[in-house]
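S.K.: Quick one: this structure, given as structure tokens, is what I'll be asking you about.
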Amino acid sequence: MLSLQTSRRPATQGEAEQALAQLDKQAGAYFGCDAGIAGLHPLQATLLDRPALSLRLYGDGLAIQAHSALGQTLLDRPELSDWAKTASRGQGQHPIHSLRAFMAAFAPAPEVILLGALPFNAHRLAAAEPQSDDESLGLLFFAEAYWQRDADGSWQRIELTLPNLAAATPPVVTPALRPISKTEPQDDYPPGAYADMVARALVHLREQPLVSLTLSQSYRRRVSPSLSPAQAFARLRQANPAPAAFFLNDGDGQCLFGASPDLQLVLRQRVVEALPVCGTVARGPGPVGEAESFRELVNEDVDAASLAVCTDALRNDLAPLCEPGSLRLLDRRRPMSLSTVVHTVDRFSGRLREGADAWDAIVATAAPVMVTGTPRRHALAAIAQLEASPRGWYGGLMVRVSADGDALAGTILRAAAIRDGLAEVRTGGDLMADSTPAREEQESRLKAISLWRALGIEAAAQAASSAVAALKLPARVALHDAGDPFPAAVRETLQGLGLVIDAAAEVDVLMGADAAACRRLLTAKPRRPLLAIGDAALRVLEQAGFAVTAIAPEHGRIMRATMTSEALASGEHSFITARYASLALADHAALLPGWSVWAHDEQQRPVLLAHTQDRVVCLLFRPDSLMSSAAALQSLRAALAWAANGI
């Protein structure tokens, strides 16, 4: 048995970041749990920048390469020389058996590690017999030296060596990117076509023996020749810290990096934990937006069912490896907030039975239900039939296995693979029989945003309406209080936009519900452009002929507003806002001539209406509320600008 000497020294974060930057030019890997739910996700990281060996997996064995003097010496030692011969491709040895035998050759020390990535098709490793073809099923590096971060954020430099070994040679340096490809990148689907494919898949779900199905699509973009993948990864980690952040330079011209929400397996002292993730909603801005996002997600029955299926299916995968009766659900639908989205997470654990190990758990959960479906065999067949391109790394695993038997595995999601000047980002989602195709396409595109930002090629934000883009706010507004409960808040909000409150201004702003006071302003001559807020907006609509009714007061109600295609207001497509109301449009209220709806709520009820000829805008929400997002305030700003300038 080989016993490697281990040395440790304290290191700084700056040293680790500098080492990570060098992975642009040399083979190596990073795997870190940079964020997550306190108490569930083990915050730690490993940065391997000096591999001694690389082990590339194939169906019929391993391709083994030494990267340093230590690596070559290890292969020449009696403990590994015969192993290297039998583990090589074409020798009839199953690659998982070879990996198990390799780690067993070392004393069971936690510092002795393999770190790397397995692609989606690594599920083929579950086959009992070796399979002969040239498709790579993964790449693992055996560490000679690496950086380790603990839960407190402290770094250490760890180096391993053999006694009396000559000084190690530098690692093999290879360019991270090969010459720029001349191929014009193409997405798998144009906008809308992925939803069409999902619609076909829903028919498949109803007709086939499938409980769930996860489908995906790839987006491809050209990247700048000067792009540093390591810098892009650093931007991604800063903007979107995640439970499973990873970077891999395979030493053959490809870099893979990502920030996945799914830390799939945590194995410590023979206890295995799984943390399936399902359900995705855009994270709203600020504390209120975040809370509303969680409310929307937790109340989504389809996502709750999808997560339950994922958990039960993953439990089914691990059950044969665990002691009977040891599998227990520890957490259900715990909310997890990342930078751009929110998710829910289950957690369960079990104790491995005698004879089972980390490699068994990794193989059993490769191509997990979260990225395939249930049952897996039928899901894999549907994926091959429905998807437009091979998955590559998407849905694979980033893995770290140590000689003492502990392991981590993270699902490769929210990832970019860069080769020959082209970046591929693949995203998808779990479908149930009652999933909505349009929502699935929206979710798929949402999941790619953080990668485009990191790569510096994020699709441009929706262009503001050209009619409003050139408009400017009025310099002054006249503020009229018809018994509003929060007049000072409205005044401060308008002043915060840089407006002067002046009775002789060119635009009127009306607030409050007093019918007589509102009527006096509306019948005054001459009439100026008008913006009405809250119940005052309902009084304006009532005066215009809309059916308005008194209701039991509904105050401090949070809602999500969505802009319509008719909106002349620039800003975000949807936003969180607050409603204070003692009046409402009657359920049967029809849109009157000349009026258009610029925004509606979740029930498709109008919340922002405008009469373009009369230059009147009615906001049925309160942009002055602290519960309202910045985008709600932007809708107020744009409405004022339009009222002042017209079209």
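The values are calculated or read from the model by the stated rules, or taken from the named source; none is laboratory data. Not measured: the values here are computed from a predicted model. Note that each Cβ is placed from the backbone with ideal geometry, even for glycine, and that neighbours are counted across all protein chains shown. Ligands, DNA and RNA are excluded from the accessible area calculation, which covers all protein heavy atoms including side chains. Shrake-Rupley method; radii C 1.70, N 1.55, O 1.52, S 1.80 Å.
S.K.: For region 94-141, which residues satisfy the criterion of being more than 22 Å from residue 67 (Cα to Cα), open to solvent by 40 Å² or more (accessible area, probe 1.4 Å) and touching a helix residue (DSSP H, G or I) at 6+ places or on another chain (Cβ under 8 Å)?
M.R.: 123, 126, 130, 131, 135
S.K.: Checking residue 274 against (1) touching a Lys or Arg at 6+ places or on another chain (Cβ under 8 Å); (2) closer than 24 Å to residue 400 by Cβ; (3) surrounded by fewer than 24 Cβ atoms within 10 Å (Cβ to Cβ), only one condition comes out false. Which one?
M.R.: Every listed condition holds for residue 274 apart from (3).
S.K.: Follow-up question, since we're still on this one. Taking region 211-242, which residues are over 26 Å from residue 54 (Cβ atoms), touching a residue at least 40 places away in the same chain (Cβ under 8 Å), in a loop (DSSP other than H, G, I, E, B) and not hydrophobic (A, V, I, L, M, F, W, C)?
M.R.: Result: 224, 225, 240, 241.
S.K.: Next question. With respect to the numbered conditions (1) under 26 Å from residue 265 (Cβ atoms); (2) open to solvent by 20 Å² or more (accessible area, probe 1.4 Å); (3) in contact with a helix residue (DSSP H, G or I) (Cβ under 9 Å, 6 or more places away or on another chain); (4) not hydrophobic (A, V, I, L, M, F, W, C), which one is the sole condition not fulfilled by residue 22?
M.R.: (1)
S.K.: I'd like the full set of residues that are within 38 Å of the chain's Cα centre (by Cα) and open to solvent by less than 20 Å² (accessible area, probe 1.4 Å), limited to region 582-612.
M.R.: Residues satisfying the conditions are 596, 598, 599, 601, 607, 608, 609, 610.
S.K.: Another question, then. Please go through (1) more than 13 Å from residue 2 (Cβ to Cβ); (2) touching a residue at least 60 places away in the same chain (Cβ under 8 Å); (3) in a helix (DSSP H, G or I) for residue 97 and return the number of the only condition it doesn't satisfy.
M.R.: (2)
S.K.: Could you go through region 357-366 and let me know if any residue there is surrounded by fewer than 24 Cβ atoms within 10 Å (Cβ to Cβ), without any contact (Cβ under 8 Å) to a residue 12 or more places away in the chain and part of a loop (DSSP other than H, G, I, E, B).
M.R.: No, region 357-366 contains no residue that is surrounded by fewer than 24 Cβ atoms within 10 Å (Cβ to Cβ), without any contact (Cβ under 8 Å) to a residue 12 or more places away in the chain and part of a loop (DSSP other than H, G, I, E, B).
S.K.: From the set of residues in region 288-323 that are modelled with pLDDT of 85 or more and polar (S, T, N, Q), which is surrounded by the fewest Cβ atoms within 10 Å (Cβ to Cβ)?
M.R.: For region 288-323, the residue satisfying everything is 316.
Results for (1) among the acidic types (Asp, Glu); (2) within 29 Å of residue 413 (Cβ to Cβ); (3) touching a Ser or Thr at 6+ places or on another chain (Cβ under 7 Å), shown as yes or no for each residue.
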| residue | (1), (2), (3) |
| --- | --- |
| 132 | no, no, no |
| 136 | no, yes, no |
| 146 | no, yes, yes |
| 153 | no, yes, no |
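S.K.: Please determine, by comparing only the residues of region 63-87 that are in contact with a helix residue (DSSP H, G or I) (Cβ under 9 Å, 6 or more places away or on another chain) and not in a helix (DSSP H, G or I), which one is farthest from residue 50 (Cα to Cα).
M.R.: Out of the qualifying residues, it is 64.
S.K.: While we're here: Only residues that are assigned to a helix (DSSP H, G or I) and either on the phi > 0 side of the Ramachandran plot or touching a Pro at 6+ places or on another chain (Cβ under 8 Å) (or both): list them for region 122-139, please.
M.R.: 125
S.K.: I'm trying to understand the selection: among the residues of region 324-345, which are under 21 Å from residue 33 (Cβ atoms), open to solvent by less than 60 Å² (accessible area, probe 1.4 Å) and either among the polar types (S, T, N, Q) or not in a loop (DSSP other than H, G, I, E, B) (or both)?
M.R.: 331, 333, 336, 337, 339, 340, 341, 342, 343, 344, 345
S.K.: Taking the condition of being open to solvent by 50 Å² or more (accessible area, probe 1.4 Å), over 25 Å from residue 317 (Cα atoms) and not charged (D, E, K, R), how many residues in region 72-93 meet it? Break it down stepwise before answering.
M.R.: Of all residues in region 72-93, those open to solvent by 50 Å² or more (accessible area, probe 1.4 Å) come to 72, 76-79, 82, 85-86, 89-93.
Okay, now just the ones that are also over 25 Å from residue 317 (Cα atoms), so 72, 76-79, 82, 85-86, 89-92.
Checking which are not charged (D, E, K, R) leaves us with 72, 78, 86, 90-92.
Here the count works out to 6.
S.K.: Quick check on region 1-19: of everything there that is more than 17 Å from residue 251 (Cβ to Cβ) and hydrophobic (A, V, I, L, M, F, W, C), which residue is most open to solvent (accessible area, probe 1.4 Å)?
M.R.: Ranking the candidates gives 1 first.
S.K.: Quick one: count up the residues across region 25-56 that are open to solvent by less than 20 Å² (accessible area, probe 1.4 Å), farther than 26 Å from residue 339 by Cβ and in contact with a Ser or Thr (Cβ under 7 Å, 6 or more places away or on another chain).
M.R.: 2
S.K.: Another question, if that's okay. Could you say whether any residue in region 27-45 is under 24 Å from residue 249 (Cβ atoms) and either assigned to a helix (DSSP H, G or I) or β-branched (Val, Ile, Thr) (or both)?
M.R.: no
S.K.: Could you grab me the full set of residues in region 451-487 that are small (Gly, Ala, Ser), at pLDDT 80 or above and either buried (at least 16 other Cβ atoms within 10 Å of the Cβ) or under 27 Å from residue 296 (Cα atoms) (or both)?
M.R.: Result: 454, 478, 482.
S.K.: Of the residues that sit in region 526-573 and are under 18 Å from residue 613 (Cβ atoms), touching a helix residue (DSSP H, G or I) at 6+ places or on another chain (Cβ under 6 Å) and at pLDDT 90 or above, which one is surrounded by the fewest Cβ atoms within 10 Å (Cβ to Cβ)?
M.R.: So, considering only residues that are under 18 Å from residue 613 (Cβ atoms), touching a helix residue (DSSP H, G or I) at 6+ places or on another chain (Cβ under 6 Å) and at pLDDT 90 or above, the one surrounded by the fewest Cβ atoms within 10 Å (Cβ to Cβ) is 543.
S.K.: How many residues does region 104-129 contain that are charged (D, E, K, R) and closer than 9 Å to residue 366 by Cα?
M.R.: Residues of region 104-129 charged (D, E, K, R): 111, 124, 129.
Filter once more, so that each one left must be closer than 9 Å to residue 366 by Cα: 124.
Residues that pass the stated criteria total 1.
S.K.: Out of (1) open to solvent by 10 Å² or more (accessible area, probe 1.4 Å); (2) small (Gly, Ala, Ser); (3) touching a Leu at 6+ places or on another chain (Cβ under 8 Å); (4) at negative phi, the odd one out for residue 503 is which?
M.R.: Of everything listed in (1) open to solvent by 10 Å² or more (accessible area, probe 1.4 Å); (2) small (Gly, Ala, Ser); (3) touching a Leu at 6+ places or on another chain (Cβ under 8 Å); (4) at negative phi, residue 503 misses just condition (3).
S.K.: When you look at residue 398, is it surrounded by 24 or more Cβ atoms within 10 Å (Cβ to Cβ), in a helix (DSSP H, G or I) and out of contact with any Lys or Arg (no Cβ under 7 Å at 6 or more places or on another chain), yes or no? Full working, then the answer.
M.R.: On the way: surrounded by 24 or more Cβ atoms within 10 Å (Cβ to Cβ): yes; in a helix (DSSP H, G or I): no; out of contact with any Lys or Arg (no Cβ under 7 Å at 6 or more places or on another chain): yes.
Spelling it out, it is not the case that residue 398 is surrounded by 24 or more Cβ atoms within 10 Å (Cβ to Cβ), in a helix (DSSP H, G or I) and out of contact with any Lys or Arg (no Cβ under 7 Å at 6 or more places or on another chain).
S.K.: Kindly indicate the residue of region 152-195 that is modelled with pLDDT under 90 and among the acidic types (Asp, Glu) and also farthest from residue 45 (Cα to Cα) among those meeting that condition.
M.R.: Among them, the one singled out is 184.
S.K.: Has region 255-263 got at least one residue that is open to solvent by 10 Å² or more (accessible area, probe 1.4 Å) and out of contact with any helix residue (DSSP H, G or I) (no Cβ under 8 Å at 6 or more places or on another chain)?
M.R.: Checking region 255-263: not a single residue is open to solvent by 10 Å² or more (accessible area, probe 1.4 Å) and out of contact with any helix residue (DSSP H, G or I) (no Cβ under 8 Å at 6 or more places or on another chain).
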